[in-house]
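Chemist: Got a structure for you, written out below as structure tokens; questions coming shortly.
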Number of protein chains: 2
Amino acid sequence: MRQHKLALCKEHYLEWIPAQTERFIEKYRMFTHEERVLVAVSGGKDSLSLWDILWQLGYQADGLYIGLGIDEDIGYSSESQRLTEKFAAEYRLKLHVVDVKKEYGKSIPELAQGTNRGRGKPCSVCGLVKRHVMNRIARDLGYDVLATGHNLDDEAAVLFGNTLTWSGEYLLRQAPVLAETSGLARKVKPLCRFYEREMTAYALLRGIEYIYEECPFAIGSTSIYYKELLNKLENDRPGAKLTFYLSFLEARKSGLFASQENIQAELHPCPNCGQPTSAPGLCSFCRMMTKKLTAESAETAEKK
Amino acid sequence: MRQHKLALCKEHYLEWIPAQTERFIEKYRMFTHEERVLVAVSGGKDSLSLWDILWQLGYQADGLYIGLGIDEDIGYSSESQRLTEKFAAEYRLKLHVVDVKKEYGKSIPELAQGTNRGRGKPCSVCGLVKRHVMNRIARDLGYDVLATGHNLDDEAAVLFGNTLTWSGEYLLRQAPVLAETSGLARKVKPLCRFYEREMTAYALLRGIEYIYEECPFAIGSTSIYYKELLNKLENDRPGAKLTFYLSFLEARKSGLFASQENIQAELHPCPNCGQPTSAPGLCSFCRMMTKKLTAESAETAEKK
């Protein structure tokens, strides 16, 4: 690990990662051993490793798998579900599964076809649905906090994208911990300071079976483009990615930005699902679902 | 010009650049026709073009050439001085020349050798000296404003570097116009919205003879590295560089950042030269000069 000037053997590496994770959890006051954590698990290396680490550290961490129905060529969703369930069974951990098609009538690619958001790529629809479902399950089942497996590469790429356009609202919302607000669970990212390659090494050394493939829709995405650019930078200037992310957190803490209230839109609860939204009336998720149903009934009426 | 979806013939291009420059001068309230402008001219395409444009637009613009004594292999300084003087003579413009070696006893490479700043590269010393001299001449000769030829590529690279480390004080100080403060002349960058390649095209089409070579010390510099990275981005996402810079200016205007006073160090006049400094006691320039002299007298004493 060039950025830390540190080289570890397998045994110490497998101790170092959980110890560092615990340090980050405490440093950013993410959650305590008394709180119930819901880990969003995709079947990939980051989220399965996160679940594994939290289990080792003795936290009360259950899993949530969201079946997106992205099966295209490679059976992406079914394979990631199989690996997630296998992991949960081996460790005897509690896993909640929400299947989008079963619950809402359509898979992510099907939902995406009917909306402007989904034109070309379903990534935006997928993000919207996942955020809605994660939040709903965390709230309905009384979890204190929702944990995701975002690593440093993910966070740096998002920060980079938002910085290129200086998108204030998004910039200020990016943090290792997002506090609970009325209707939204607290969200935490315990792996946000680990490089992607560190998480890959961890998953491999721990023998965690995870899905290697990227989501087939992610290919050619902007976030992957930014990751490649940042990898070039990291390669030429070791530590640049970590500095970029940490100095952003530091600058915000020391008052570089105006207070968030000046920037952030006002939120109110969606009249349908109760989750907070800045949109007037229904939230984006419910609007998408309503539009879909209206379009369908119009279609049915036409056929008659 | 992909970012504007605009293609122009030579004649219209040579009208468009000055017209746009005038628009920027007015938009950012840089200076008026009644004010006296001092243009810092290096002999490169940007600063000579700026001087040419201001002359065309009828502004009262005199030039300032600073002889740095960077002659190394290619006679960089003497050739750029020759071209600058030739330009001034042809246009019958007033040019002030300050030769660093004559005025301060040592050239930039020589000054750099004696200081920590200069270890390896003299760029930091060079910047310090140029800022000091430009400001001194502007103040002593009663100019209202100091204009430099920084183009969009320059500005975006500086912004990018400061963003990678979230250097608040530097971030907030970067602007098309820096207002006059006690002891510091107003500074403006009328070309800050033109791509480097646009300025190259302008200089070539106008038949301006400028020095093609980069400063020999700039090779391998961080700013050139950032320019290359941003060029890659621009190539893949046309307009990204302009968006990055303009959305930063926009975000600051709409209140993304805390007010500058919270961030900026307090300034006081240097007891030696009177220019403002945040350092306790002498400013960086005078400290460097004093150290040099002390070191020299120590050396002389030793020899005795």
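The values are calculated or read from the model by the stated rules, or taken from the named source; none is laboratory data. Predicted model, so just to flag it, every value in this text is computed and none were measured. Reconstructed Cβ throughout: ideal geometry from the backbone, glycine too, with neighbour counts over all protein chains shown. These area figures cover heavy atoms from the full protein model, side chains too; ligands, DNA and RNA do not enter into them. Shrake-Rupley method; radii C 1.70, N 1.55, O 1.52, S 1.80 Å.
Chemist: Springs between alpha-carbon pairs under 10 angstrom, Gaussian network model over chain B: which of B:LEU95, B:LEU141, B:LEU282 fluctuates most?
Modeler: B:LEU141
Chemist: Expected output is a single nm value to one decimal: the length gained when fully extending between A:SER254 and A:GLU15, i.e. 0.36 nm times separation in residues minus the C-alpha distance. What is it?
Modeler: On the way: separation 239, 0.36 × 239 = 86.04 nm, distance 3.24 nm.
Here the answer is 82.8 nm.
Chemist: Need one value for A:245-257: mean number of C-beta atoms belonging to other chains within 10 Å of its residues' C-beta atoms. Walk me through the intermediate numbers first.
Modeler: On the way: counts 1, 2, 6, 4, 1, 3, 8, 3, 0, 5, 6, 11, 6.
The shielding value for this peptide is 4.
Chemist: Which distances, in nm and shortest first, link the B:ALA218 label point to the same label point in every other copy, taking 7 Å along Cα→Cβ?
Modeler: Taking the point 7 Å beyond Cα along Cα→Cβ, the inter-copy spacings are 4.0 nm.
Chemist: Another one. Could you look at the protein assembly as shown and say what percent of its accessible area is carbon and sulfur, using a 1.4 Å probe and all protein chains? Before the final figure, lay out each step's value.
Modeler: Working: 14910 of 29490 Å².
That fraction is 51 percent.
Chemist: For A:PRO280, place a label point 7 Å out from Cα along the Cα→Cβ vector, do the same in each other copy, and report the separations in nm, one decimal, smallest first.
Modeler: In nanometres, ordered from closest: 5.8.
Chemist: Does segment B:1-51 come out rounded, prolate or oblate by the C-alpha gyration tensor, with a ≥ b ≥ c the root eigenvalues, rounded set by a/c under 1.5 and, if not, prolate when a/b is larger than b/c and oblate if not?
Modeler: oblate
Chemist: A further question on this structure: Specify the inter-centroid distance of segment A:77-152 and segment A:177-211, based on alpha-carbon positions, in whole Å.
Modeler: 15
Chemist: Sticking with this structure for a sec: I'd like the accessible area for A:ARG136, computed on protein heavy atoms only with a 1.4 Å probe and all protein chains in place. Round to 10 Å², please.
Modeler: For A:ARG136, solvent-accessible area is about 50 Å².
Chemist: Rank A:PHE244, A:PHE87, A:PHE285 by mean-square fluctuation in a GNM of chain A with C-alpha springs under 10 angstrom and give only the top-ranked residue.
Modeler: Of the options given, A:PHE244 has the highest mean-square fluctuation.
Chemist: Report the accessible area of A:THR181, computed with a 1.4 Å probe over the heavy atoms of all protein chains in place, in Å² rounded to the nearest 10.
Modeler: Its accessible surface works out to 60 Å², give or take rounding.
Chemist: With a probe of 1.4 Å, find how much accessible area segment B:72-189 has per residue, and write the answer as a whole number in Å². Kindly include the intermediate steps, with their values, before the conclusion.
Modeler: On the way: 5370 Å² over 118 residues.
Roughly 46 Å² per residue, with all protein chains present.
Chemist: Ordering A:SER182, B:SER80 by how much accessible area each has at a 1.4 Å probe, largest first, what is the list?
Modeler: On the way: A:SER182 100, B:SER80 0 Å².
Most to least solvent-accessible, the answer reads A:SER182, B:SER80.
Chemist: Still on this structure, please answer the following. Provide a list, ordered by number, of residues in segment B:130-177 showing at least 40 Å² less accessible area with every protein chain present than when their chain is taken on its own, using a 1.4 Å probe.
Modeler: Residues shielded by partner chains are B:LEU164, B:TRP166.
Chemist: Buried accessible area for the B:A pair, summed, 1.4 Å probe, in Å² rounded to 100? Before the final figure, lay out the partial values.
Modeler: Values: alone 15940 and 16000 Å², together 29490 Å².
Approximately 2400 Å² gets buried when B meets A.
Chemist: Using a 1.4 angstrom probe and counting only protein chains, how large is the accessible area of A:GLU214 in Å², to 10?
Modeler: 110
Chemist: Would you please classify the overall shape of chain A from the alpha carbon gyration tensor, given that a ≥ b ≥ c denote the square roots of the eigenvalues, rounded means a/c under 1.5, and beyond that prolate means a/b larger than b/c while oblate covers the rest?
Modeler: Values: a/c = 1.56, a/b = 1.34, b/c = 1.17.
Taking the square roots of the gyration eigenvalues as a ≥ b ≥ c, chain A is prolate.
Chemist: Report, for A:SER182, each distance to the same residue's label point in the other copies, shortest first and in nm; define the point 7 Å along Cα→Cβ.
Modeler: Copy-to-copy label distances for A:SER182: 5.0 nm.
Chemist: Here's a follow-up. Give me the distance in nm between label points sitting 7 Å out from Cα along the Cα-to-Cβ direction at A:HIS268 and A:GLN113, one decimal.
Modeler: 3.6
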